[in-house]
Amino acid sequence: MHTEEELVAGCRKGDRKMQHELYQRFADKMFVVCLRYVQGQLEAEDVLQEAFIKVFNKLEQYRAEASLSSWIKKIVVNTALNHQRGKLYMYPMVDVDNLHSMAGQELTLSAYQFQDLLRLIQELPSGCRVIFNLYAIEGYNHKEIAELLKISEGTSKSQFARARQLLQSRIEALEKNGYEKVR
Amino acid sequence: MKKLDERSEWEKEWESAFNGASLPPSENVWNGIDGALDRQEVRKYKKRALFYQWVAAASVLLVMGLGGWLMLGELVKQNQGQLATEEPFIPSVNDTGIIEGKEIPQQAPNEIAAAAGSGEEDTVLIPASEVAVAFEGGEISQKNVENSASAYADEESAVGADKSFSTTIPYLFNSSASLAEAIVNKALSTFRAPSDRESSLIALARGKDFIEEGLAGPLEVSVRKVWVASEMFREKEEDLSAPRYWLGASLASNLYQPNFENGEYTSFESLAVKEAEPTKGNQISTARVSEWKEDEEQQISINAGFQAAAWLSEKWVLQSGLQYGSYRSTATAGTFVDGSTGQAYPLHYANFSYDKLQKASVSSRLAAPVEAVNSFEFISVPLQIGYVVFDRQFGLLLSPGLSSEFFIRNQITDENDRLSTFTVNAGKDAPFNRVHFNAIMGAQLYYKLGENYMISLEPSFRQAISSFSKSDSYFNSRPSNIGVAAGFRYIIR
């Protein structure tokens, strides 16, 4: 088992074994990231494959200021966004002034496995899904999301609000239907 | 009202729900990465190889130019040197009308100078009139030598008949080694006359009464040498002017460009504009026509074949041959699904038709662009006229010509192996003509390995002068091809 520095040095030299080891170390987590952004396993695998090729090609640019995992994740997210570019379907605008009515009782998620939550995210319209991931999970703010996706800040906010509304209602529906919370 | 810019606990719960979440992807992902990295390495190697090829070709051209310039310069110098050594053959005439022999000039070539010696002590005075007879226009003709020799053999002159004839005609024959004799010796050594050959030539000369039986001593030796040298030179000239042949094989590396353009009745630009129009629902065209010319790239292609040539004269060569070429180029392409088989294929110029324009969901793999490889196979029959710029140990030949290109097959493949390969075979259904013609501009730098072999380096450029695509195709194509071949030849005399 090599350290991250050794892996990076080996991958920079084009050592295929090191590249495979680096892939094995991060692929599983990055695959979940891909699944959050695109619909379907095949498409997620395409994104993952393309992202790791970029990782190996851009490893010369990696600086140790950020962790290797967060650097790879950034590449994966950008690849997923590029994959979606031109395909993002934005849900019709909602009135953001009425958002307070959407707050309601927020359900806890600790009772759910990530695979279930993943399925819920994948059911979102593509625009809502991407913005939800960027805001709620990656931690971007709406201004950054607007710059990234070339949309307005208002659009980012409204799409996120809609995503939140849809997810809330789906979780409520699950609970109503006696969904087993496995923990 | 909660501001949407402040992340709430809800968002943080979602974040923590996915902390450490992992799912293993299928093995296909690493296989795809592995394959892509291999292809990148091969491309880097090919680019480096192509770079070195072009450096080699440029170096060859530079060497050819330099070699040609140096050799031409040497030829000029040699000619000047010969002129310089020939001038002193003309003896000066003093006030009494008597010719004085000249000393060997200092600019003479080394071997002549070494062989010649100073000659001063052996110089003998002879009447100018006799010089004029024997020395005809600066050339030493064996007839005139013979006439002068026989004239002096009979007469009592200042030198006397008992003196050796080498002293009677100093500018021709010198007892130590005259300039002329040295030149004759040099000519003989150049032509490497074996002794039995020399004997047979002398016999021939005697048979034709070119050399009298009565000649003896150094005069006979010198006359014989002149005769043999002139015969050898004549044979060499005949040998040089006789047609020669060579057979050879070559292997070339090329860059091929099919040069696809709109056909007469099809506008791919207008199709591209239509593709860009918003559609109902989340559907886009799978054809991706607007991207077909993006990233169009020539790829390393190969060409191998046999050649034959006949030397029509010293300077002109007629060449032909038979070659097999497999040429590749890459481009961004679209996709179509064959309704009857369900197979998905790359869609590009060669297999385009309007019924293949399909739409798919934006998130479908069919809507994604395809990195397509177009490969074309031909049998080529070139016919070239070569002009020999120079022919020494190295030689340079310029060879323009024409070639007939017989189309065999075109295959469109997906570089990422996601789609099936589409094959277009030559025939009435193909959008390509079975035969089209190329203009060729080529050069050959060759190096002789002994008398019967040579190796060559041949850069060439080919441009289609007739259309590769049929007149009723959706597109036009007039390919171009630039490459360098390495060849090996066997010379038949």
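The values are calculated or read from the model by the stated rules, or taken from the named source; none is laboratory data. Just so it is clear, the model here is predicted, and its values are computed rather than measured. Note that each Cβ is placed from the backbone with ideal geometry, even for glycine, and that neighbours are counted across all protein chains shown. The accessibility values were calculated without ligands, DNA or RNA, using every heavy atom of the protein model including side chains. Shrake-Rupley method; radii C 1.70, N 1.55, O 1.52, S 1.80 Å.
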Problem - Pairs where the first residue, in region B:432-459, is under 15 Å from residue B:488 (Cα atoms) and the second is β-branched (Val, Ile, Thr) and outside any strand (DSSP E or B), C-beta under 8 Å, 6+ apart - result: B:445/B:60; B:445/B:63; B:457/B:60; B:459/B:60
Completion exercise
Wholly inside region B:298-396, strands (runs of 3 or more DSSP E) that include 2 or more residues that are aliphatic (A, V, I, L, M) are B:300-311, B:316-337, B:344-347, B:370-391
Completion exercise
The condition of being without any contact (Cβ under 8 Å) to a residue 40 or more places away in the chain and of a type in the set (Lys, Arg) holds, among B:409, B:392, only for B:409
Practice task
Would you mind stating whether residue B:341 is of a type in the set (Ser, Thr, Tyr), closer than 21 Å to residue B:262 by Cβ and either open to solvent by less than 20 Å² (accessible area, probe 1.4 Å) or out of contact with any Lys or Arg (no Cβ under 6 Å at 6 or more places or on another chain) (or both)?
Solution key: no
Handout entry: All positions within region B:333-357 that are more than 29 Å from residue B:479 (Cα to Cα) and touching a residue at least 12 places away in the same chain (Cβ under 8 Å)
Key = B:343
Exercise for the section: Identify the residue in region A:1-46 that is outside any helix (DSSP H, G or I) and either among the aromatic types (Phe, Trp, Tyr) or open to solvent by less than 50 Å² (accessible area, probe 1.4 Å) (or both) and, among all such residues, is farthest from residue A:127 (Cα to Cα). Expected result: A:14
Practice task
With respect to residue A:127, determine if the residue is under 18 Å from residue A:80 (Cα atoms) and not in a helix (DSSP H, G or I).
Solution key: no
Handout entry: Residue match in region A:40-58 (condition: of a type in the set (A, V, I, L, M), at negative phi and in contact (Cβ under 8 Å) with a residue 40 or more places away in the chain)
Key = no
Practice task
Kindly indicate whether residue B:419 is in a loop (DSSP other than H, G, I, E, B), at pLDDT below 90 and under 28 Å from residue B:263 (Cβ atoms).
Solution key: yes
Practice task
Run down B:368, B:333 and say which single residue is in contact with an Asp or Glu (Cβ under 9 Å, 6 or more places away or on another chain), under 16 Å from residue B:291 (Cα atoms) and open to solvent by 10 Å² or more (accessible area, probe 1.4 Å).
Solution key: B:368
Completion exercise
All conditions in (1) among the hydroxyl-bearing types (Ser, Thr, Tyr); (2) surrounded by fewer than 14 Cβ atoms within 10 Å (Cβ to Cβ); (3) in a loop (DSSP other than H, G, I, E, B) are true of residue B:447 except (3)
Exercise for the section: Being more than 12 Å from every other protein chain (Cβ to nearest Cβ) and open to solvent by 20 Å² or more (accessible area, probe 1.4 Å) is the filter here, so list the residues in region A:128-154 that pass it. Expected result: A:147, A:148, A:149, A:150, A:151, A:152
Practice task
Would you mention how many residues in region A:155-183 are polar (S, T, N, Q), at pLDDT 85 or above and either assigned to a loop (DSSP other than H, G, I, E, B) or open to solvent by less than 40 Å² (accessible area, probe 1.4 Å) (or both)?
Solution key: 5
Exercise for the section: Would you confirm whether any residue within region B:410-429 is under 30 Å from residue B:314 (Cα atoms) and either in contact with a helix residue (DSSP H, G or I) (Cβ under 8 Å, 6 or more places away or on another chain) or open to solvent by 20 Å² or more (accessible area, probe 1.4 Å) (or both)? Expected result: no
Handout entry: Of the criteria (1) more than 30 Å from residue B:34 (Cα to Cα); (2) basic (Lys, Arg); (3) in contact (Cβ under 8 Å) with a residue 12 or more places away in the chain, which one residue B:418 fails
Key = (1)
Exercise for the section: Could you check how many residues of region B:430-444 are farther than 30 Å from residue B:389 by Cβ, open to solvent by 50 Å² or more (accessible area, probe 1.4 Å) and part of a strand (DSSP E or B)? Expected result: 1
Exercise for the section: Considering each residue of region A:150-169, count those that are over 19 Å from residue B:9 (Cβ atoms) and either β-branched (Val, Ile, Thr) or under 14 Å from the mean Cα position of the chain (by Cα) (or both), and give that number. Expected result: 2
Completion exercise
Of (1) surrounded by fewer than 20 Cβ atoms within 10 Å (Cβ to Cβ); (2) within 27 Å of residue B:469 (Cα to Cα); (3) not acidic (Asp, Glu), residue B:407 satisfies every one except (1)
Handout entry: Unmet criterion (only one of (1) surrounded by fewer than 19 Cβ atoms within 10 Å (Cβ to Cβ); (2) in contact with a Phe, Trp or Tyr (Cβ under 6 Å, 6 or more places away or on another chain)) for residue B:316
Key = (2)
Practice task
Give the number of residues within region A:72-131 that are modelled with pLDDT under 55, among the charged types (D, E, K, R) and either within 17 Å of residue B:17 (Cα to Cα) or in contact with a Cys (Cβ under 7 Å, 6 or more places away or on another chain) (or both).
Solution key: 1
Practice task
Test residue B:280 against the stated conditions and say whether it is more than 21 Å from residue B:254 (Cα to Cα), open to solvent by 40 Å² or more (accessible area, probe 1.4 Å) and at pLDDT 85 or above.
Solution key: no
Handout entry: Neighbours by Cβ (under 7 Å, 6+ apart or cross-chain): first from region B:8-26, facing chain A (nearest Cβ under 7 Å) and surrounded by 14 or more Cβ atoms within 10 Å (Cβ to Cβ); second part of a loop (DSSP other than H, G, I, E, B) and of a type in the set (Asp, Glu)
Key = B:10/A:106
Exercise for the section: Restricting attention to region A:47-63, report how many residues are open to solvent by less than 30 Å² (accessible area, probe 1.4 Å) and more than 7 Å from chain B (Cβ to nearest Cβ). Expected result: 5
